[in-house]
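Participant: Pasting a structure below so you can have a look.
The values are calculated or read from the model by the stated rules, or taken from the named source; none is laboratory data. Quick caveat, the model's predicted, so the values are computed rather than measured. When we count neighbours, we look across all protein chains shown, and the Cβ atoms used for this are built from the backbone with ideal geometry, even at glycine.
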Amino acid sequence: MVLPATTPTPGASPESAKERRAVNDVVIRLAGNSQDGIQTIGGFLARLAGRSDQEVMTYMTIPSTISGGPSIFQVRMGNGDILSSGDQADVLVAFYQHSYESHINSLRPGGVLIYDSDHVAPNPEDRRFRAIGIPITGATVEAVGGSSKDKGKNLFVLGLLARIFSLDVAKIGGLISERFGGKSEDIVRNAMLAFDAGYATPADNLHDCLYQFEAPAVSGGRPQITTDGNLALTYGLIAAGVRHGAGYPITPWTTVMETLRSELGKYGGIFVQAEDELAAAGYALGFAYSGHLAVTGSSGPGLSLKMEALGWAVMAEMPLIVINVQRGGPSTGLPTNVEQSDLMQAIYGSHGDAPRVVLAPKDVEDCFYVALEAGRIARKYSTPVLILTDQALATRIEAFDEPDLAKLMVDPKPDLSPRGADFEPYPLDKITRHAPPGASIATGKYPSVSGLEHDELGHPTGNPALHMKMTAKRREKIKALGASLPVPEVFGDPEGDVLIVGWGSTWGPIREAVGQLRAVGTRVGQIHLRNLHPLPPSLEEIFARFKKVLVVEMNDEGLYGFGQLATLLRARYSLPSIGSLTKTDGLTFRISEIVNGVLQRLGRAGTDGGYAKPSRI
Amino acid sequence: MSSSSAALATAGTAPRVPLTKKALTADHPTWCPGCGDFAVLASYYRVLEKLQYPHENIVTLAGIGCSSRFPYFVNTHGVHYIHGRSLPFAAGVSLGRDDVHVFVFGGDGDGFSIGGNHLVHTGRKNVNLTYVIMDNFVYGLTKKQTSPTSPIGFKSKTDPTGSIDQPINPMQTLVNSGATFVARSHAGQVNHMTEMMERAARHEGFSVVEILSECVEFYEGAFDAAVPRKGGQFRTIELRKNDGTPEDALRHDPSDEVAAFRLASEPWPGVFGVFYESNRPTKNKLEAGLIAKAREKTKSASDLEVLQATFRRMR
């Protein structure tokens, strides 16, 4: 919460007599076990924020076990730009002793600890926080009754939070009945009983912890939608004209394929659950060959398995969208944590010289738009396009303006028009335009689409001169794309001490860090690369305006001391000013980690003391 | 493969020039003189001449291997994909476009070794396409290594003292996989081979023909036991006629999986013909059913309307 915490706000809350303090934005961390339904109430809070024209961002960790194990969901909601899920929580709800012990240090000094007094005994010596014990389990059992045990305590907590933050009860009721409405009436009733019980928690239990969000500044013209990165990406693919695809289940990519499988039928399309990753790539390329814009996807290890097929797609010049929802690697690695360590694999991870396109979205909203851009490029340049998203983007929920679908939807029809007598599948002087089956060819000579090196007509050839020419053709079209890209905008200082370069989901934390760094007198700019391969033009000129360039990314510094994008940029621009800030703890960047990293490189003291701010509530 | 869209050809407005061997011929095959694959290619021309599909709606696909050079030698839309993965690619083409006829050619390495998983799963899914396996019991393109169908004792560069691994039994594997048309033929028996390929092409579902096709370079004489002029026997399967005669009970019922499996266990060189045939629904049909159901639910709303409704629910 960023505004002074003492403004009294009279409101029509149940505590109209009591003082409610105004807040601008707040970070709530819910810590329990994975079966407690924490994600459900986190999702409710996120959607509520979206429906109230507030900004919202979430962060969750889920154990990779099937059921059980610690789980958290963090929601940051409020007004103004919410760019990260927040370094530290203002409110911690601890369901168990282990939740309390693991997460108490992520609560800001002065923050509010709400704990289930049936399960948690907080350290009485620890006076950094305002601790409120509520018998969450007992009160839920009492409220719901019957044999449901403590099921519903998540909704009790939602009720409690609704009371504390004066949330719109009618809107939450609507969300609960939407969520559970398909199930039996009992379930909706029990959910509401638990919610109401939480909401009715006596005021004297809540000390002086009652707040009211300030009214949102301006309501945008378009309604807000609330969704996670994987869903935004999935619907972006559909808007881009994708009606066909194939995949194999792997975390955290799976929800994309599940959604495509259940949704594409409505659009007359098919998504195939293939027998393995290699087959998934094969099905997708078969769909592409038959004239459709197709997708396949996976997470790290699965992308490795698709690499041979990807080499074929480059050689045969087939349009294709390939999603990689990155997770911690190598091998099975950290399946439910985040990392950006597949960049080199995405760009170079195939056999032979196989140039293709790699894009990365910066936030949940961009997951939708990057799919459209991938579709445009795949079609125009007849090339595979990889989208590198990650576990953090995949699972986090954000609210954003509803896209103008009427303007954005792309027609998915295959081009089966007859090809003229001048048709060549692989012209040396033009971009390949694939002729799918069903397209007649005026000469009566039908093309072979080939993984062998070939001449203009697709005939296999081992001619060295032709291999050089065809290799150049495949390279030059990707370079032409690079030259056509927009120059990235510099945020913050247009020149100065440090330029922070990022890609993918680090956009939000970097932007907040830039704000904090400029506030302490450093001259810092930010560019965020959406086009990773090919790179956009004019980066050299931008880099030259800063004393240092710092590439911030979630991967290892490698054998030579630089992260993967930093390595590429150093190779490309040969600038000693390019440095690297990396980390591999499987978690998204904290703002303070970036701030301190920059300050250290500037030779200034960067300590937690200065930048971990005290609680705003 | 179905002949559903063959009707489209005759229903077209302008009369089509009949599809001839001449129009179907492309590059001259690069196979060694005497290779069995030449006869398979000739049979394919004959089948296409008979079926008269619209020229632009025929797709000839292959993976990697000597036999997989096939698409370059046929003038149709063609794909030379990667080793062992031609079936999922072909399945994508078949599911992506109900109006095209998909033929896949490959060898024993492609089909039973590196692509074994795809063979089983394409069978299980019963995707509507025709797969011709030119089985020569040896890796030819890489110059004589053991193949998954090489018999025990076969001397190759990877088994100089003779192969020790049990070979795959193709007919048993295919019947097990769920393929709905399973047949076996011999490249030396052109009429029989053509008949099997034509039946496979007309079958709706995943239809597979294994053709023993000799590699004269690396496994000469491999199939002599089935060549009458070399003293062998070409025994064909007599299919049940359902005519009620007592001798009919002795004929093979191709819908009987157990009988097919037993036939496949006959000692070398075994029998030739249709081992198994059933009309289990294809994945193509089942997916079309799912689409029809989904469209019924959305009351055939336009793509834009469906997506807009989805976004409204995310508000």
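Participant: Taking region A:237-258, which residues are more than 16 Å from A:M409 (Cβ to Cβ) and facing chain B (nearest Cβ under 10 Å)?
Facilitator: Answer for region A:237-258, where residues must be more than 16 Å from A:M409 (Cβ to Cβ) and facing chain B (nearest Cβ under 10 Å): A:H244, A:G245, A:A246.
Participant: Is it the case that region B:137-152 has a residue that's under 18 Å from the mean Cα position of the chain (by Cα), surrounded by fewer than 24 Cβ atoms within 10 Å (Cβ to Cβ) and of a type in the set (A, V, I, L, M, F, W, C)?
Facilitator: No, every residue in region B:137-152 fails to be under 18 Å from the mean Cα position of the chain (by Cα), surrounded by fewer than 24 Cβ atoms within 10 Å (Cβ to Cβ) and of a type in the set (A, V, I, L, M, F, W, C).
Participant: Mind telling me which of the residues B:R295, B:R262, B:R280 ends up being farther than 29 Å from B:S150 by Cα, more than 14 Å from chain A (Cβ to nearest Cβ) and out of contact with any strand residue (DSSP E or B) (no Cβ under 6 Å at 6 or more places or on another chain)? Give the steps one after another, and end with the answer.
Facilitator: Numbers: B:R295 fails: more than 14 Å from chain A (Cβ to nearest Cβ); B:R262 fails: farther than 29 Å from B:S150 by Cα.
Just one listed residue meets the conditions, B:R280.
Participant: Right, here's the next one. Out of the residues in region B:267-294 that are in contact with a helix residue (DSSP H, G or I) (Cβ under 7 Å, 6 or more places away or on another chain) and without any contact (Cβ under 8 Å) to a residue 24 or more places away in the chain, which is surrounded by the fewest Cβ atoms within 10 Å (Cβ to Cβ)?
Facilitator: For region B:267-294, the residue satisfying everything is B:L290.
Participant: Right, another one. Give region A:156-176 a look and list any residue that's of a type in the set (G, A, S) and either touching a residue at least 12 places away in the same chain (Cβ under 8 Å) or closer than 15 Å to A:F213 by Cα (or both), or say none.
Facilitator: A:G159, A:A162, A:S166, A:G173
Participant: Listed residues A:P437, A:P427; which is part of a loop (DSSP other than H, G, I, E, B), facing chain B (nearest Cβ under 7 Å) and modelled with pLDDT of 95 or more?
Facilitator: Working: A:P427 fails: facing chain B (nearest Cβ under 7 Å).
Step by step, each of A:P437, A:P427 is checked, and only A:P437 is part of a loop (DSSP other than H, G, I, E, B), facing chain B (nearest Cβ under 7 Å) and modelled with pLDDT of 95 or more.
Participant: In addition: If a residue has to be at pLDDT below 85, β-branched (V, I, T) and over 22 Å from A:A170 (Cα atoms) to count, how many in region A:33-75 make the cut?
Facilitator: 5
Participant: Scan region A:449-485 residue by residue and report those that are within 14 Å of another protein chain (Cβ to nearest Cβ) and either in a helix (DSSP H, G or I) or closer than 27 Å to A:V370 by Cα (or both).
Facilitator: Listed by number, the list is empty, since nothing qualifies.
Participant: Tell me whether region B:25-35 contains one or more residues that are closer than 30 Å to B:K283 by Cα and more than 8 Å from chain A (Cβ to nearest Cβ).
Facilitator: Initial filter on region B:25-35 (closer than 30 Å to B:K283 by Cα): none.
No - not one qualifying residue is present in region B:25-35.
Participant: If you check A:E512 against the conditions, is it of a type in the set (D, E), without any contact (Cβ under 8 Å) to a residue 60 or more places away in the chain and either closer than 27 Å to A:G579 by Cβ or part of a helix (DSSP H, G or I) (or both)? Show your work before the answer.
Facilitator: On the way: of a type in the set (D, E): yes; without any contact (Cβ under 8 Å) to a residue 60 or more places away in the chain: no; either closer than 27 Å to A:G579 by Cβ or part of a helix (DSSP H, G or I) (or both): yes.
The answer is no for A:E512.
Participant: Quick one: in region A:178-201, of everything that is surrounded by fewer than 16 Cβ atoms within 10 Å (Cβ to Cβ) and among the small types (G, A, S), which residue is nearest to A:F165 (Cα to Cα)?
Facilitator: A:A200
Participant: Same structure again: Being in the same structural domain as B:F181 (by TED's automatic domain parsing) and charged (D, E, K, R) is the requirement here; does B:R251 meet it?
Facilitator: Yes: the conditions hold for B:R251.
Participant: Further, regarding this structure: Inside region A:289-326, can you point out the residues that are hydroxyl-bearing (S, T, Y), buried (at least 24 other Cβ atoms within 10 Å of the Cβ) and farther than 20 Å from A:E263 by Cα? Don't jump to the end; show me each part of the working.
Facilitator: In the first step, residues of region A:289-326 are kept if they are hydroxyl-bearing (S, T, Y); the result is A:289-290, A:296, A:298-299, A:304.
Restricting the remaining residues to those that are buried (at least 24 other Cβ atoms within 10 Å of the Cβ) gives A:289-290, A:296, A:298-299.
The answer is A:Y289, A:S290, A:S299.
Participant: Kindly list the number of the only condition in (1) closer than 21 Å to B:G205 by Cα; (2) part of a loop (DSSP other than H, G, I, E, B) that fails for B:L95.
Facilitator: (2)
Participant: What pairs can you find where one residue is in region B:71-84 and in contact (Cβ under 8 Å) with a residue 60 or more places away in the chain, the other is surrounded by 24 or more Cβ atoms within 10 Å (Cβ to Cβ), and their Cβ atoms are less than 8 Å apart, with a gap of 6+ or different chains?
Facilitator: Every condition considered, no pair remains.
Participant: Among the numbered criteria (1) touching a Cys at 6+ places or on another chain (Cβ under 6 Å); (2) at pLDDT below 95, which single criterion is violated by A:R396?
Facilitator: Result: A:R396 passes all but (1).
Participant: Given region A:522-563, what strands (runs of 3 or more DSSP E) lie entirely inside it while holding 1 or more residues that are touching a helix residue (DSSP H, G or I) at 6+ places or on another chain (Cβ under 8 Å) and small (G, A, S)? If you could, list the steps in order and put the result at the bottom.
Facilitator: Working: elements: A:524-529, A:531-533, A:546-553.
Once the strands (runs of 3 or more DSSP E) in region A:522-563 are filtered for at least 1 residues that are touching a helix residue (DSSP H, G or I) at 6+ places or on another chain (Cβ under 8 Å) and small (G, A, S), what remains is A:524-529.
Participant: Among the residues in region A:38-50, are any more than 20 Å from the chain's Cα centre (by Cα) and of a type in the set (G, A, S)? I'd like the intermediate steps shown before the answer.
Facilitator: Taking region A:38-50 and keeping what is more than 20 Å from the chain's Cα centre (by Cα), we get none.
No.
Participant: Next question. Take the residues in region A:202-226 that are more than 15 Å from A:L161 (Cβ to Cβ) and among the hydrophobic types (A, V, I, L, M, F, W, C), then tell me which one is surrounded by the most Cβ atoms within 10 Å (Cβ to Cβ).
Facilitator: Out of the qualifying residues, it is A:I225.
Participant: Sticking with this one: Is there a residue being farther than 16 Å from A:V295 by Cβ, part of a loop (DSSP other than H, G, I, E, B), at pLDDT 95 or above and among the hydrophobic types (A, V, I, L, M, F, W, C) anywhere in region A:362-384?
Facilitator: There is no residue in region A:362-384 that is farther than 16 Å from A:V295 by Cβ, part of a loop (DSSP other than H, G, I, E, B), at pLDDT 95 or above and among the hydrophobic types (A, V, I, L, M, F, W, C).
Participant: Restricting the search to region A:236-272, which residues are of a type in the set (S, T, Y) and closer than 22 Å to B:G92 by Cα?
Facilitator: Selection gives A:Y248, A:T254, A:T255, A:T259, A:S262, A:Y267.
Participant: Pull out all pairs, ordered by first then second residue, where Cβ-Cβ is under 6 Å, the residues are six or more apart or on different chains, the first lies in region B:114-134 and is over 13 Å from B:G63 (Cβ atoms), and the second is among the β-branched types (V, I, T).
Facilitator: Pairs found: B:N126/B:T180; B:N126/B:T282; B:N128/B:T282; B:L129/B:V102.
Participant: Next question. Give the residues of region A:106-120 that are part of a strand (DSSP E or B) and among the charged types (D, E, K, R), sorted by residue number.
Facilitator: Result: A:R108, A:D116.
Participant: Something else about it: Counting just the residues of region B:71-112 that are out of contact with any Leu (no Cβ under 8 Å at 6 or more places or on another chain) and among the charged types (D, E, K, R), which one comes out nearest to the other protein chains (Cβ to nearest Cβ)?
Facilitator: B:R97
Participant: Is at least one residue of region A:471-494 touching a His at 6+ places or on another chain (Cβ under 9 Å) and among the hydroxyl-bearing types (S, T, Y)?
Facilitator: Looking for residues that are touching a His at 6+ places or on another chain (Cβ under 9 Å) and among the hydroxyl-bearing types (S, T, Y), one finds none in region A:471-494, hence no.
Participant: Here is a follow-up. Here is a check on your reading of the model: is B:T245 touching a residue at least 24 places away in the same chain (Cβ under 8 Å) and of a type in the set (S, T, N, Q)?
Facilitator: Numbers: touching a residue at least 24 places away in the same chain (Cβ under 8 Å): no; of a type in the set (S, T, N, Q): yes.
No; evaluated as a whole, the condition is false for this residue.
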